[in-house]
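The values are calculated or read from the model by the stated rules, or taken from the named source; none is laboratory data. As the structure is a computational prediction, the values presented were derived from the model and not from experiment. Counting neighbours? That spans all protein chains shown, and the Cβs are built from the backbone with ideal geometry, glycine included.
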Amino acid sequence: MSLRQPSPATIGRVKAILFVVSLLPLVRLVAGAFTDALGTNPLELITRSTGTWTLVFLCITLALTPARKLSGWHWLARYRRMFGLFAFFYAACHFTTFVWFDHFFDVAAIWKDVLKRPFVTVGFAALLLLVPLAITSTNGMMRRLGARRWQALHRSVHLIAILGVLHYWWLVKRDLTQPALYALVVVTLLGVRLYWRHLGRKAAAI
Amino acid sequence: MLIRNRPDIVPSEITSRQVYEGRRAFVRNLGRAAFAAAVPAVPAWAQPGPKLAGVKASTYSTIEKPTPYKDVTTYNNFYEFGTDKGDPVQYAKTLKARPWSVVVEGAVKKPRTFAIEDLLKLAGMEERVYRMRCVEGWSMVIPWTGYPLAELIRQVEPAGNAKFVEFITLADKAQMPGLHVPALAWPYVEGLRMDEAMHPLTLLTFGVYGELLPNQNGAPVRLAVPWKYGFKSGKSIVKIRFTEQMPQTSWNRAAPQEYGFYSNVNPAVDHPRWSQATERRIGEDGFFQKKRQTLPFNGYADQVASLYAGMDLKKLF
């Protein structure tokens, strides 16, 4: 087995492991909720944790392409959809905590919050933008849209990542260390893409 | 009209905390006794501090259920020890609460430096069970021990031009690891208007749950101003200064549009980034409950609303 070209069976097995590992944050929260192990303010912890994991999965998804290009391990692309869908999954959990724990399904209050508070506005926008990406994540939808249009649509994940970091940044009261770390990662991952595009243009011009 | 229900006994005495918290260790020790090795593993937060003696109950106490001691002493905002609410209990061990003195200066006729031992004896201790509302949208009910700040103020005789009182927290990098992060302008400064400082609800606080304050709760002396957001109650106070000018408080300097000088609990004035209409009571409000309504002046309007008569509290938030 080589890292450059693992067998399809290996790729599948690794995928199964990654799938289970990606579910662990949720398992921890659910188990913690039932065993009273989520600390003093469990609802805040759940909200924060689901939000953080959304950002983590967004970063992982965005990191796969640069990692593939740098390492030559093209099979990494096989995990992109799964991680992208996990980002959407945790974002949906995060939104559920907002709708449920924060506002207890009071639609008017939720809407007011979305319109009035910039950090909620950008977070909500990011979630809305994730929905079409999740819907068009299947092979069938990819075929129906065509590669070019599908790719154009899915580039919006770059904007989503920026909105996600902004959402965190604007929410923090004082110590910006955590949001700054995510901002650094996202800026790096997007910067690499810009740099490569710039190189590509230069090569084409020659 | 003020309707006061006089509590017959100090709530923290209903069940002694040591007995309650020691119940598991007790059972565990029964088993261990067979092996003649009875070493109870008590976590840091459960190690009882020295008891305060001669504490009287107060009519200012709420009859609401106090938040468990564990939550009160492990979920803290005390940025001098880190910005995470779990940081203070973990890192405040380095704070040296003895020896300690508090400098009282400024526009007073009798400026004085009080040793903590003298402060503890200055007036009769009371237990005051107060609601505490954090600006972040959560609340607790805490049995504090202390006496009205007014008792101290009377001793130093404020001068005619004393309009405000400034409270300054210790800022020692050797004792407070959070000071290395410029989260706020150190030292932490808070302030009250003279009439707020003199109000009988404003408590100079030395204990919680009948014991001396644990470090993470602002040992050895702090304020408890129950009708204002929690950050208005300065912790580990080293200096009290009487001034003519409104003090520049740390949070107000950090974000003036978000934290006003008064910072009275007010459900009608939202924090610019989140609503203040509701709150979650720590240790009580569960997953399947709507958040509870926040009350004007945190439910102390009967006692303090008159201090602000004629003021536009939407502007002077």
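Are there any pairs, at least 6 apart or on different chains, whose C-beta atoms fall under 7 Å, with the first in segment B:276-288 and more than 7 Å from chain A (Cβ to nearest Cβ) and the second assigned to a strand (DSSP E or B) and crowded, with 18+ Cβ neighbours inside 10 Å, and if so, which?
Close Cβ pairs satisfying both conditions: B:Glu279/B:Arg133; B:Glu279/B:Trp138; B:Glu279/B:Ser139; B:Arg281/B:Ser139.
Conditions (1) within 26 Å of B:Leu120 (Cα to Cα); (2) within 13 Å of the chain's Cα centre (by Cα), marked per residue:
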residue	(1), (2)
B:Val135	no, no
B:Thr145	yes, yes
B:Val165	yes, no
B:Met176	yes, no
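Go through (1) under 17 Å from the mean Cα position of the chain (by Cα); (2) assigned to a loop (DSSP other than H, G, I, E, B); (3) more than 14 Å from chain A (Cβ to nearest Cβ); (4) not small (Gly, Ala, Ser) and name the single condition B:Pro99 misses.
(1)
If A:Arg80 passes every condition in (1) touching a residue at least 12 places away in the same chain (Cβ under 8 Å); (2) exposed (fewer than 15 other Cβ atoms within 10 Å of the Cβ) but one, which one does it miss?
(2)
Within the group B:Leu213, B:Leu201, which residue is at pLDDT 95 or above and crowded, with 24+ Cβ neighbours inside 10 Å?
Details: B:Leu201 fails: crowded, with 24+ Cβ neighbours inside 10 Å.
Matching residue, one of B:Leu213, B:Leu201: B:Leu213.
Among the listed residues B:Ala92, B:Ala57, B:Ala53, B:Ala33, identify the single one that is loosely packed, with under 15 Cβ neighbours inside 10 Å and either modelled with pLDDT of 75 or more or assigned by TED's automatic domain parsing to the domain that holds B:Ala183 (or both).
Just one listed residue meets the conditions, B:Ala53.
Hey, any hits in segment B:237-245 for a residue that's crowded, with 21+ Cβ neighbours inside 10 Å and either over 21 Å from B:Gly191 (Cβ atoms) or of a type in the set (Ser, Thr, Tyr) (or both)?
no
Here are some residues: B:Arg292, B:Arg280. Which one is in contact with a helix residue (DSSP H, G or I) (Cβ under 8 Å, 6 or more places away or on another chain) and either surrounded by fewer than 13 Cβ atoms within 10 Å (Cβ to Cβ) or assigned by TED's automatic domain parsing to the domain that holds B:Tyr130 (or both)?
Criteria check complete, one pass: B:Arg280.
Among the listed residues B:Thr73, B:Thr113, B:Thr67, identify the single one that is assigned to a loop (DSSP other than H, G, I, E, B) and hydroxyl-bearing (Ser, Thr, Tyr). Walk me through it before giving the result.
Values: B:Thr73 fails: assigned to a loop (DSSP other than H, G, I, E, B); B:Thr113 fails: assigned to a loop (DSSP other than H, G, I, E, B).
Residue meeting the stated conditions: B:Thr67.
Restricting the search to segment A:78-110, which residues are more than 13 Å from chain B (Cβ to nearest Cβ) and over 30 Å from A:Arg4 (Cβ atoms)?
A:Phe88, A:Phe89, A:Tyr90, A:Ala91, A:Ala92, A:Cys93, A:His94, A:Phe95, A:Val107
B:Glu80: away from chain A (no Cβ under 14 Å) and touching a residue at least 24 places away in the same chain (Cβ under 8 Å), yes or no? Before you say what the answer is, go through the steps one by one.
Working: away from chain A (no Cβ under 14 Å): no; touching a residue at least 24 places away in the same chain (Cβ under 8 Å): yes.
No: the conditions fail for B:Glu80.
Would you mind telling me which numbered condition in (1) within 13 Å of chain B (Cβ to nearest Cβ); (2) surrounded by fewer than 12 Cβ atoms within 10 Å (Cβ to Cβ) A:Leu45 fails?
(2)
Output yes when any residue across segment A:109-116 is at pLDDT 95 or above and surrounded by fewer than 12 Cβ atoms within 10 Å (Cβ to Cβ), and no when none is.
Among the residues of segment A:109-116, not one is at pLDDT 95 or above and surrounded by fewer than 12 Cβ atoms within 10 Å (Cβ to Cβ), which makes the answer no.
Restricting to segment A:117-149, what's the tally of residues that are under 23 Å from the mean Cα position of the chain (by Cα), over 20 Å from A:Thr52 (Cα atoms) and surrounded by fewer than 16 Cβ atoms within 10 Å (Cβ to Cβ)?
Qualifying residue count, segment A:117-149: 10.
Are any of the residues in segment B:300-310 over 30 Å from B:Leu152 (Cβ atoms), more than 14 Å from every other protein chain (Cβ to nearest Cβ) and either in a helix (DSSP H, G or I) or in contact (Cβ under 8 Å) with a residue 40 or more places away in the chain (or both)?
no
I'd like to verify a number: residues in segment A:1-22 that are of a type in the set (Gly, Ala, Ser) and assigned to a loop (DSSP other than H, G, I, E, B), how many?
Residues flagged as of a type in the set (Gly, Ala, Ser) and assigned to a loop (DSSP other than H, G, I, E, B) within segment A:1-22 amount to 2.
Of the conditions (1) of a type in the set (A, V, I, L, M, F, W, C); (2) touching a Ser or Thr at 6+ places or on another chain (Cβ under 7 Å); (3) surrounded by fewer than 20 Cβ atoms within 10 Å (Cβ to Cβ), B:Phe164 clears all except one; give me its number.
(3)
Report yes if some residue within segment B:120-137 is surrounded by fewer than 19 Cβ atoms within 10 Å (Cβ to Cβ), away from chain A (no Cβ under 14 Å), free of Cβ contacts under 8 Å to residues at least 24 places away in the same chain and under 24 Å from B:Gln245 (Cβ atoms); otherwise report no.
No, every residue in segment B:120-137 fails to be surrounded by fewer than 19 Cβ atoms within 10 Å (Cβ to Cβ), away from chain A (no Cβ under 14 Å), free of Cβ contacts under 8 Å to residues at least 24 places away in the same chain and under 24 Å from B:Gln245 (Cβ atoms).
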